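Following: one structure in structure tokens, then a few remarks.
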Amino acid sequence: NKVIADLDGITTPEVEEKVAVVNLEKTASPSTIFAGNTVTYTVVTKNTSQVAVDSLKLVDKPDLTNFTYKPGSAKVNGAPIADPAIAGGKLTFIAGTNVAPNAVMTLTYEMSSKVNISPGSYVNKVHGEMTVGSKNSSTGEKEATVKVVADVVTKEANRDYIVTGDEVIYRVTF
């Protein structure tokens, strides 16, 4: 606290507001998948401020048209947590309460791509919402991209031309 003088010469204490700063990083593994595969998303949070965060929510914005959250897969630092609230195209995870200064927390959860998903790149964004005392604030947004590739099966023969009785060896790759 600092003491400041007002215009009447009476001193009044100035109260500093506590502000939390939480940094986020987000990754997807694997980052390239086929239709129907599962992706594990990881969000690492670090409270880089000198104050504890009373409540930290992580708000995820996946492509819910093409991906489905896998119930029961959410964990913070390896321990299971409640499934997120799913509303308005967002997943809201309660990631922590009373998050100490310099604390690092890791949220992991799984999403499955739908079997009819089109090949392409799909971006999943997240931001944090936190409360310190009566003050609410949010973090910047981070994202992870997953590339969906087509299931391609090829077949090759060891010969271009054959006649009756020839042996042909096929190589199938997918």
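Some points to look at:
- Residue in region 81-96 that is touching a Pro at 6+ places or on another chain (Cβ under 9 Å), of a type in the set (Lys, Arg) and either within 29 Å of Lys18 (Cα to Cα) or in contact (Cβ under 8 Å) with a residue 60 or more places away in the chain (or both) present: yes
- Here Ser121 passes the criteria (1) exposed (fewer than 13 other Cβ atoms within 10 Å of the Cβ); (2) part of a loop (DSSP other than H, G, I, E, B); (3) among the small types (Gly, Ala, Ser) except the one numbered (2).
- Members of region 72-88 found to be part of a loop (DSSP other than H, G, I, E, B) and open to solvent by less than 40 Å² (accessible area, probe 1.4 Å), listed by number: Ser73, Ala74, Pro84
- Among residues of region 37-71, those that are open to solvent by less than 40 Å² (accessible area, probe 1.4 Å) and among the polar types (S, T, N, Q), counted: 6
- All positions within region 131-161 that are of a type in the set (D, E, K, R), closer than 26 Å to Ser29 by Cα and in a loop (DSSP other than H, G, I, E, B): Glu141, Asp151
- Filtering region 121-170 to residues that are among the polar types (S, T, N, Q), more than 23 Å from Leu91 (Cα to Cα) and at pLDDT 85 or above leaves Ser134, Thr164.
- Filtered residues of region 29-74 (kept if small (Gly, Ala, Ser) and without any contact (Cβ under 8 Å) to a residue 60 or more places away in the chain): Ser29, Ser49, Gly72, Ser73, Ala74
- Yes/no for Thr131 being of a type in the set (Ser, Thr, Tyr) and either out of contact with any Ser or Thr (no Cβ under 7 Å at 6 or more places or on another chain) or closer than 29 Å to Thr32 by Cβ (or both): no
The values are calculated or read from the model by the stated rules, or taken from the named source; none is laboratory data. Just so it is clear, the model here is predicted, and its values are computed rather than measured. Cβ coordinates were reconstructed from backbone atoms using ideal geometry, including for glycine residues, and neighbour counts include every protein chain displayed. Ligands, DNA and RNA are stripped out before the accessible areas are found, and what is left, the full protein with its side chains, is counted by its heavy atoms. Shrake-Rupley method; radii C 1.70, N 1.55, O 1.52, S 1.80 Å.
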